[in-house]
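The values are calculated or read from the model by the stated rules, or taken from the named source; none is laboratory data. Because the structure is predicted, anything quoted here is derived from the model rather than measured. Here Cβ is always computed from backbone atoms with ideal geometry, including for glycine, and neighbour counts include all displayed protein chains.
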Amino acid sequence: MTETLDNMRELLAPLVVLVCGMLVLLLDLRRKAFVARKSLALVCQLGLLLAGIACAPALLSANDAGVKLLAADQSQARLFGAGMTMDGFGALLNLILCLVAALVIGMSGRYLEDRKLPFGEFYALILFASAGAMVMTCALDLINLFVGLEVLSVALYILAGYARRELRSEEAAVKYFLLGAFASGFLLYGIALIYGAVGLAVKAGDLRLTIPSYTNLITLTEVLQTTAKHAGMSLAQSPLFLVGMVLVLVGLGFKASLVPFHAYAPDVYQGAPAPVAAFMSAAAKIGAFGALLRLLQCLAQVGAQADTLRSILWGIAIASMLIGNIMAIRQTNIKRMLAFSSVAHAGYLLVGTIATSLFSQEGVIQGTALASDGVGFYLLAYSLMNVGAFAVTVWLGHSGEEERTQIAHFAGLGKRNPAAAATLTVLLLSLAGIPLTAGFVGKLYLFSAAFQAHLYWLAGLGLVISVIGVAYYLNLIVQMYFKEPLDDTNPEVRAGAAKTVAVLCAVLTLILGVVPSGVLGPLKREYPASLSLPDTSPASGPAGAPSRPGGGRPGAGSGPLAPTN
């Protein structure tokens with residue numbers, strides 16, 4: 001009983017969010033229109049604040065390097081039979097999810113009121129989806145990953161069709177549900193194949209495992225390390241294992257909007273309510289990349305034997321960056337443009353994620369720590385940029401009208417609403433990766449990690465392709481400042497809290513772009529030469545017991561790996 005309570009205390013953040021969602025549903029039974037909207041939103045914000053505070057112990061670690069954000073910087077706790085963990089990286093992603101949920105709930109009140117949509121279910125679904133994504137980022141077992149994915153997915157299916165009286169919203173929900181169900185099926189089948197491949201390898205080599213679960217990432221790491229030493233027995237080269245990993249990548253790639261699993265994104269983003277599209281674009285990526293990064297760290301133990309999977313990821317990253325940017329240029333709707341933009345940004349994130357699974361010629365993992373920090377920072381920056389951009393569309397929405405999301409509607413915005421135009425300009429410049437913005441710093445971290453991991457071609461192509469993205473962001477800025485509006489009318493805008501959310505996102509984007517070293521400083525930090533999952537030796541303690549041993553990471557090299565600028 002004591003062990004269970006200790007484990008629950010470590011995972012307090014997702015538990016608080018879940019309980020808060022249930023409480024909102026109960027309170028909504030006594031709702032009274034406007035009063036209910038404010039009171040329910042306040043309960044949500046307080047719950048998310050408590051969840052964010054619960055992440056602080058794992059996230060903050062006082063030392064000379066400043067704030068720690070990486071799992072390798074801290075020891076990991078094995079929770080619930082080593083099926084879950086809460087380390088610095090997981091705590092960071094959980095904190096970002098709390099921030100995203102709080103911003104989306106803040107910008108949604110007036111939007112829901114104008115369209116006569118219920119508040120309670122909407123807020124509760126946002127919280128449940130956030131909890132599912134949190135489970136994904138902290139899962140050390142593929143079964144727990146699947147559970148978190150389904151909690152996230154089911155909530156997003158409902159949210160996509162939340163504007164129930166609009167045909168386009170219903171269509172978005174159906175498309176997202178059908179394609180998402182197939183993707184979840186692929187993921188589950190891939191887990192089954194990995195289970196079989198690991199089981200065969202364990203029985204063939206008569207291996208003794210620290211964690212008796214064939215779907216656990218710690219077990220997967222052990223078996224990959226052990227079988228890599230024996231010719232003809234390598235798990236990393238097993239056809240069954242390779243097919244299983246590819247199918248798991250299909251499921252996670254769908255949530256992250258990676259090519260070729262991105263086809264749903266523009267239609268769903270356009271049809272879903274703007275606050276839902278904002279939440280979906282950020283939360284789904286955080287959950288997917290958090291899980292993907294942990295999974296690919298297992299492959300770092302076998303070096304070149306995992307080159308087949310890395311080649312597949314190379315192709316997906318390049319295709320996502322290229323297709324996302326090219327297709328975004330052709331869009332006339334800002335929500336569809338941001339959807340294809342999210343595909344391109346998923347490609348950038350995948351570049352940093354691939355670096356976590358590479359060995360250098362010296363036999364140590366290169367760039368893994370920097371890549372993990374870079375992925376965490378970029379997920380934070382991307383969430384602020386995207387949520388802020390969608391908040392501007394809600395800000396400019398007029399009472400009683402449909403969403404004004406055509407790019408032509410933004411013509412002359414610099415004269416009609418200078419504050420909204422300036423806010424959106426900052427967010428677009430950050431999305432384009434212009435210096436002195438969070439987007440630029442995030443890309444710098446990701447591509448620096450790729451260069452450190454000797455991914456010169458991939459990083460070079462990413463830099464060249466990212467230049468394409470500047471075109472469609474600048475096109476919207478030109479529309480706002482150098483085009484005449486479609487008409488001379490300037491109806492009253494009921495911005496509500498969406499205005500505050502948009503401005504806050506823009507300000508935070510500038511702060512992270514101007515003083516990143518004061519907040520994170522990954523490029524100035526010294527990194528361990530190796531990063532792996534928790535120590536799998538028997539000396540680390542019994543399975544399932546929470547442990548936070550001090551000292552270095554298992555398998556670490558003799559000296560720090562200092563990144564080069």
| task | From Thr210, Thr219, grab the single residue that is assigned to a helix (DSSP H, G or I) and either surrounded by 20 or more Cβ atoms within 10 Å (Cβ to Cβ) or out of contact with any Leu (no Cβ under 7 Å at 6 or more places or on another chain) (or both). | result | Thr219
| request: Could you please let me know if Ser213 is in contact with a helix residue (DSSP H, G or I) (Cβ under 8 Å, 6 or more places away or on another chain) and under 18 Å from Leu295 (Cα atoms)? | output: yes
| Mind checking whether some residue in the stretch 255-277 is without any contact (Cβ under 8 Å) to a residue 24 or more places away in the chain and not in a helix (DSSP H, G or I)? | no
| note | Of the residues in the stretch 320-373, those that are under 24 Å from Arg404 (Cβ atoms), modelled with pLDDT under 90 and among the hydroxyl-bearing types (Ser, Thr, Tyr) come to Thr332
| message | Need pairs with beta-carbon distance below 9 Å; first residue closer than 19 Å to Glu113 by Cβ and at pLDDT below 90 and within the stretch 157-174, second part of a loop (DSSP other than H, G, I, E, B) and of a type in the set (D, E, K, R); sequence gap 6+ or separate chains. | response | Ala163/Arg115; Arg165/Arg115; Arg165/Lys116; Glu166/Arg115; Glu166/Glu402
| query | Could we say that Ala422 is modelled with pLDDT of 90 or more, in a helix (DSSP H, G or I) and either of a type in the set (S, T, N, Q) or buried (at least 24 other Cβ atoms within 10 Å of the Cβ) (or both) here? | reply | no
| Given the conditions (1) farther than 23 Å from Leu103 by Cα; (2) buried (at least 19 other Cβ atoms within 10 Å of the Cβ); (3) β-branched (Val, Ile, Thr), which single one is not true for Val147? | (2)
| query | Would you call Glu150 charged (D, E, K, R), more than 30 Å from Ser213 (Cα to Cα) and part of a helix (DSSP H, G or I)? | reply | no
| query | Taking only pairs six or more apart or across chains, which ones have beta-carbon atoms under 6 Å, a first residue in the stretch 184-202 that is closer than 16 Å to Pro212 by Cβ, and a second residue that is not in a helix (DSSP H, G or I)? | reply | Tyr195/Tyr214; Tyr195/Thr215; Val198/Tyr214; Gly199/Tyr214
| message | Of everything in the stretch 278-307, what is farther than 29 Å from Val467 by Cα and part of a helix (DSSP H, G or I)? Give them in sequence order. | response | Arg294, Leu295, Gln297, Cys298, Leu299, Gly303, Ala304, Gln305, Ala306
| query | Is it the case that the stretch 155-170 has a residue that's under 26 Å from Leu296 (Cα atoms) and in contact with a Leu (Cβ under 9 Å, 6 or more places away or on another chain)? | reply | yes
| field | Pair list, Cβ < 7 Å and 6+ apart or interchain, from the stretch 38-60 residues that are farther than 20 Å from Ser108 by Cα to residues that are buried (at least 17 other Cβ atoms within 10 Å of the Cβ) and of a type in the set (D, E, K, R) | value | Ala58/Asp87
| remark: A careful count of residues in the stretch 214-248 that are aliphatic (A, V, I, L, M) and either within 17 Å of Asn144 (Cα to Cα) or free of Cβ contacts under 8 Å to residues at least 24 places away in the same chain (or both) gives 7
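Yes/no matrix, rows are residues, columns are (1) at pLDDT 75 or above; (2) at negative phi; (3) polar (S, T, N, Q):
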residue: Val17; (1), (2), (3): yes, yes, no
residue: Leu25; (1), (2), (3): yes, yes, no
residue: Lys32; (1), (2), (3): no, yes, no
residue: Cys55; (1), (2), (3): yes, yes, no
residue: Lys68; (1), (2), (3): no, yes, no
residue: Ala71; (1), (2), (3): no, yes, no
residue: Ser75; (1), (2), (3): no, yes, yes
residue: Gly83; (1), (2), (3): yes, yes, no
